[in-house]
Structure formats: structure tokens, C-alpha cells
Amino acid sequence: GVFSEKDVEIECFTMFAAAYETSVSASYTCLVMLAMQPEIQERVFQEIRSVFPHEITSVEYDDLKKLPYLDMFIAESLRLAPPIQFIGRQSEQDAELCPGVILPKGMQIVIPIYELHRRKEIWGPYAHRFNPNNFLPENIEKRHPYSYMPFSKGSRNCIGFRYAEVSLRIILIHAVRSLKFSTTFKYEDIVHVPHISLRYKIQPPLRIQVRAN
């Protein structure tokens, strides 16, 4: 069938609503990670400045392709602090997960994204450390594509994830190009509270300084 104008409006609203909370949560997480790791923040800043040497008036989609380290940084931030900590699914048919292990039709499944992103079998012995190099192309190729799923995966993934990804990049481009972030909080002191969406036991405070162009 053909979508009516009202159908399109509803779908767009759903997409923006789905992306809003994840974008806000992910933006704060990224700023916290930058503040706690000034050497990484400086590298992100230098890359952004190389693409936007002067005041940013607009960000084009092609500009986003010129910021590979920013993408690696964002991916690592969302690996260790995914906006959604777990998701639920129901199997539509019997499925064999591995030899001898059958998932029966109708079974309720919980996928612990937070734990998946920290498994040493996937991410190595230092899985809990912040390391953007986890997302170098050669390292991505070694992993199963479902090893990393901050917005879920497959046909029923987050409807707003594309919008969230692009908006997050644009937010960080503007923020890091104009501002410098710092905090006295240490990475090892971060404690996340069990919840479907990411929550901090204590929110790290951020100090913000305006950069000189």
C-alpha cells in the first residue's frame, strides 16, 4: 500500500522520539569520556579542526566521512556505555543456537548488550578499558557483526538509530570544536545502575571552557 501523509507524520514522530533519549544519553557519555581522557579529546579536536578550520556554519554529510577517529571514539564510548543496556525478543520458530542447544518457538529472550560489549572472549583481556582502536577496520573484521550492537541489530533494531548516529556526530563536532571539557571524575569510578536505559549511580560533573579559535 501507499503511505498517507498522516502515516508519514506518525513514522517520522516515532523515529525522532526513538532517537531522542538515546542521542541525549550517548552525547553525555561521549562528553564524559572526552573529559576524562584529555589526550583522546585533543586528538578528536585536531581531527575536527582539520575538517572545520574556521567557524562551523554547517555540517554536510560528506564532512562526516572525513572524521574516522571521531567515529572510532563514538563507537568505543557506546561499547562501554550503550544507551540501552539490554533488549528483549521472542523467538518466532525453533532455532539451534549451537549443537545440542535448541531455542524453542515462543521463548522470551533477553540480550544483555552491556555485558556483551565487555566480554573478554570478544574484546580481549582488556575489554573494560577505553580503547578507540577496537574500531580500527582491521579489528572490526575479526569480530562477529553482532558483537557490537548499541542500537540493537537486525530487522527490529532501533528505528531511530540512523538519525541518532548522525545527530550525535553533529553534536560532538560543534561541541568539541568550540568547547573544552574536563572533570575530576576518574573512569574507574564510573558505576552504572541496572536499568533498561543507561543510568549513572553518580553523574560525573563536567567543567566547560570556551576554546579560542
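The values are calculated or read from the model by the stated rules, or taken from the named source; none is laboratory data. All figures in this text were calculated on a predicted structure; none of them were measured in a lab. All Cβ positions, even for glycine, are placed from backbone atoms using ideal geometry, and neighbour counts span all protein chains on display.
So in the stretch 69-86, with the set limited to residues that are touching a Phe, Trp or Tyr at 6+ places or on another chain (Cβ under 9 Å) and surrounded by fewer than 19 Cβ atoms within 10 Å (Cβ to Cβ), which one is farthest from His117 (Cα to Cα)? Here the residue is Asp71. Tell me which residues, restricted to the stretch 71-90, are farther than 17 Å from Leu34 by Cα and either out of contact with any helix residue (DSSP H, G or I) (no Cβ under 6 Å at 6 or more places or on another chain) or of a type in the set (A, V, I, L, M) (or both). Matches in the stretch 71-90: Ile84, Ile87, Gly88, Arg89, Gln90.
Within the stretch 37-65, track down each residue that is closer than 17 Å to Ile171 by Cβ, not polar (S, T, N, Q) and not in a helix (DSSP H, G or I). Result: Phe52, Glu55, Ile56, Val59, Glu60. I'd like to check something: does the stretch 143-166 contain any residue that is at pLDDT 95 or above, outside any loop (DSSP other than H, G, I, E, B), of a type in the set (Val, Ile, Thr) and in contact with a Phe, Trp or Tyr (Cβ under 9 Å, 6 or more places away or on another chain)? Checking the stretch 143-166: not a single residue is at pLDDT 95 or above, outside any loop (DSSP other than H, G, I, E, B), of a type in the set (Val, Ile, Thr) and in contact with a Phe, Trp or Tyr (Cβ under 9 Å, 6 or more places away or on another chain).
If the condition is being under 25 Å from Asp94 (Cα atoms) and either part of a loop (DSSP other than H, G, I, E, B) or hydroxyl-bearing (Ser, Thr, Tyr) (or both), then the stretch 104-142 contributes Pro104, Lys105, Gly106, Met107, Pro112. When you scan the stretch 98-115, do you find a residue that is among the charged types (D, E, K, R), under 21 Å from Arg199 (Cβ atoms) and in contact with a strand residue (DSSP E or B) (Cβ under 8 Å, 6 or more places away or on another chain), even just one? No - not one qualifying residue is present in the stretch 98-115.
Taking the stretch 116-142 as the range and being among the charged types (D, E, K, R) and either in contact (Cβ under 8 Å) with a residue 60 or more places away in the chain or under 23 Å from Gln37 (Cβ atoms) (or both) as the test, the residues that pass are Arg118, Arg119, Lys120, Arg129, Glu138. For Ala35, the criteria (1) at pLDDT below 90; (2) surrounded by 15 or more Cβ atoms within 10 Å (Cβ to Cβ); (3) of a type in the set (Gly, Ala, Ser) hold in every case but one, which is (1). Tell me yes or no: at least one residue of the stretch 87-109 is of a type outside the set (Asp, Glu), surrounded by 16 or more Cβ atoms within 10 Å (Cβ to Cβ) and in contact (Cβ under 8 Å) with a residue 24 or more places away in the chain. Yes, that holds for at least one residue.
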